[in-house]
Amino acid sequence: DTEVTQTPKHLVMGMTNKKSLKCEQHMGHRAMYWYKQKAKKPPELMFVYSYEKLSINESVPSRFSPECPNSSLLNLHLHALQPEDSALYLCASSHPLDNEQFFGPGTRLTVL
Amino acid sequence: GESVGLHLPTLSVQEGDNSIINCAYSNSASDYFIWYKQESGKGPQFIIDIRSNMDKRQGQRVTVLLNKTVKHLSLQIAATQPGDSAVYFCAENGGKLIFGQGTELSVKP
């Protein structure tokens, strides 16, 4: 299995909602990442987990809360988001000492 | 500061022609570079990479050139096909990925 899967594919939420994005990989990768991508822009790193521990937080607002329950799963919990948080959220994984990151298809998030 | 950027936002080529997509970087300490292809509705897909101790690397129909003197990176696609239409990003990895702005490649039949 050489895939990174993400659910849901699309998500529409209000500013008072709580929702979660999920990411899964079964490649044995021990580094997992969350990126945010606005339309016509490059992906921007949000969080990095290495061996299930948060290693990088790129000064992301606390309304985004990552979680890595085990080596195959990565969640992004969303609460009290703003319309400007609407974007494509990408998950990626890699071996911790390998530069090649494998990306999932993303979750298209719309905040109303 | 660090930045990885691309020279052109869009590129249109005729099917069968060769495509060249360029990228400039500013961090002379960068030692690893990657090209990604992103099709509409999909995540970035790894194409080819190159380390700073190399000048050229070839894959299937793709070649990456690295000029450290002028901090320039390019992706060459031979015999461009309609399926090559996508946005292409260069990225620098010095511990975390920093993407350039992207070039949208359109292939005319």
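The values are calculated or read from the model by the stated rules, or taken from the named source; none is laboratory data. Every value quoted in this text rests on a predicted model; they were computed, and no experiment measured them. For neighbour counting, all protein chains shown are included, and Cβ atoms are generated from backbone atoms with ideal geometry for every residue, glycine included. Side chains included, ligands, DNA and RNA excluded: accessible areas come from the protein's heavy atoms. Shrake-Rupley method; radii C 1.70, N 1.55, O 1.52, S 1.80 Å.
Assorted remarks:
- Among the residues of region A:35-71, those identified as within 13 Å of another protein chain (Cβ to nearest Cβ), of a type outside the set (Gly, Ala, Ser) and more than 25 Å from B:PRO9 (Cα to Cα) are A:PHE47, A:VAL48, A:TYR49, A:ILE56, A:ASN57, A:GLU58.
- Cβ-Cβ distances below 9 Å connect the following pairs, each with a first residue in region A:1-18 that is under 15 Å from A:PHE103 (Cα atoms) and open to solvent by 60 Å² or more (accessible area, probe 1.4 Å), a second residue that is at pLDDT below 95 and not in a loop (DSSP other than H, G, I, E, B), and a separation of six or more residues or different chains: A:THR2/A:PHE102; A:GLU3/A:PHE102.
- Any pair with Cβ under 6 angstrom, 6 or more apart, that starts in region B:17-36 at a residue that is outside any strand (DSSP E or B) and ends at one that is of a type in the set (Ser, Thr, Tyr) and surrounded by fewer than 17 Cβ atoms within 10 Å (Cβ to Cβ): B:SER26/B:SER3; B:ASP31/B:SER52
- Region A:1-19 - residue that is more than 11 Å from every other protein chain (Cβ to nearest Cβ) and in contact with a Ser or Thr (Cβ under 9 Å, 6 or more places away or on another chain) and, of those, nearest to A:HIS95 (Cα to Cα): A:THR7
- Selection over region A:92-101 of residues that are crowded, with 23+ Cβ neighbours inside 10 Å and facing another protein chain (nearest Cβ under 8 Å) gives a count of 2.
- Of all residues in region B:79-108, those satisfying the criterion of being at the interface with chain A (Cβ under 10 Å from one of its Cβ atoms) and either free of Cβ contacts under 8 Å to residues at least 40 places away in the same chain or within 25 Å of B:GLU15 (Cβ to Cβ) (or both) are B:VAL87, B:PHE89, B:CYS90, B:GLY95, B:LYS96, B:GLY102, B:GLU104.
- Given (1) more than 30 Å from B:ASP31 (Cβ to Cβ); (2) within 13 Å of another protein chain (Cβ to nearest Cβ), number of the condition A:LEU78 does not satisfy: (2)
- Filter result (open to solvent by less than 40 Å² (accessible area, probe 1.4 Å) and more than 22 Å from A:ALA80 (Cβ to Cβ)) within region A:28-44: A:HIS29, A:ALA31, A:MET32, A:TYR33, A:PRO42, A:PRO43
- Residue that is nearest to B:CYS23 (Cα to Cα) [pool: residues in region B:78-103 that are open to solvent by 20 Å² or more (accessible area, probe 1.4 Å) and either touching a helix residue (DSSP H, G or I) at 6+ places or on another chain (Cβ under 9 Å) or at pLDDT 95 or above (or both)]: B:VAL87
- Of the listed requirements (1) touching a residue at least 24 places away in the same chain (Cβ under 8 Å); (2) out of contact with any Cys (no Cβ under 6 Å at 6 or more places or on another chain); (3) within 21 Å of B:SER40 (Cα to Cα); (4) not hydrophobic (A, V, I, L, M, F, W, C), A:ASN75 misses just one: (3).
- Only one of the listed residues (B:LEU75, B:LEU65) is in contact with a strand residue (DSSP E or B) (Cβ under 6 Å, 6 or more places away or on another chain), free of Cβ contacts under 8 Å to residues at least 24 places away in the same chain and surrounded by 12 or more Cβ atoms within 10 Å (Cβ to Cβ). That residue is B:LEU65.
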